[in-house]
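The values are calculated or read from the model by the stated rules, or taken from the named source; none is laboratory data. Note that the structure is predicted; figures quoted are calculated from it, not measured. Heads up, the Cβs are rebuilt from the backbone with ideal geometry, glycines too, and the neighbour counts pull from every protein chain shown. Note: accessible area is taken over every heavy atom of the protein model, side chains too, but ligands, DNA and RNA are not part of it. Shrake-Rupley method; radii C 1.70, N 1.55, O 1.52, S 1.80 Å.
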Amino acid sequence: MLDGRPVSGSAVEAVARWAVKTLLLEQHPEAHDAELPNHARSSRRKLDNLLFAMRATGQLPPELSLWCTLTSQEESGPDTPDEVVLLPRLHVAGQAPVAFEFSAFGYGMADGRQLALQLLRHPYVEVEHPFEAANLATRLWPEPPTALDPAAMATLGIQGTRNWDRAFCTGGCVTDLNLIRMARSAPWRGLISPRITVREPGPGGRVLTERRQEGQVR
């Protein structure tokens, strides 16, 4: 894919799983990056802890989402959302506050562009990426597309890349999970980003998430 060739079918899921694993390993305190030997890692991040669950089950945790887009150093590019989704810490009854965790990385492509990846852990809730809603990013996990063609993907310019880099901001105030449920009502609207909705259990334990762009519920 970094050579610009399309992938499809099971290869797309393989790309997604590889990217999740790599972004998690990149946060491991003992990881060494040969290209960025002085790359600082935040001691607050606990994404590497998910590696133990993955090794035990062979599965990716359900609260992970992975998005990708293509970026460049070109001045021109498509108009992009200038929006920051503030990610709060969650208060859930009987548990310590749960923090959202975020990681991002990029890989150079043969044609000079960069494959930019963003991984978000969002327990108890679903999060909509503003770039995905604008058709400028592709969700690779948990619902990989059937095909991924770099030639058909939008390429962000310099300003679009800046907006992409700051799409999510962690470290918000502690927020009760019920407040997110109530955020659709007028008195609470605006306190929580409309991109964040509570993950509700569906029939048979499945999760129902609203996809406003598609106009349907999955």
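Quick look at the numbers
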{"quantity": "Largest-first ordering by accessible area, 1.4 Å probe, given options Cys68, Cys169", "calculated": "Cys169, Cys68"}
{"quantity": "Kirkwood hydrodynamic radius of the range 89-189, Cα pairs, Å", "calculated": "16.0 Å"}
{"quantity": "Accessible area of the range 78-197 divided out per residue, in Å², using a probe of 1.4 angstrom", "calculated": "47 Å²"}
{"quantity": "Förster radius 41 Å - calculated FRET efficiency between Glu75 and Ala34, Cβ distance, rounded to 0.05", "calculated": "0.85"}
{"quantity": "Within the range 110-131: backbone nitrogen closer than 15 Å to the Arg5 label point (7 Å, Cα to C-beta)", "calculated": "110-111"}
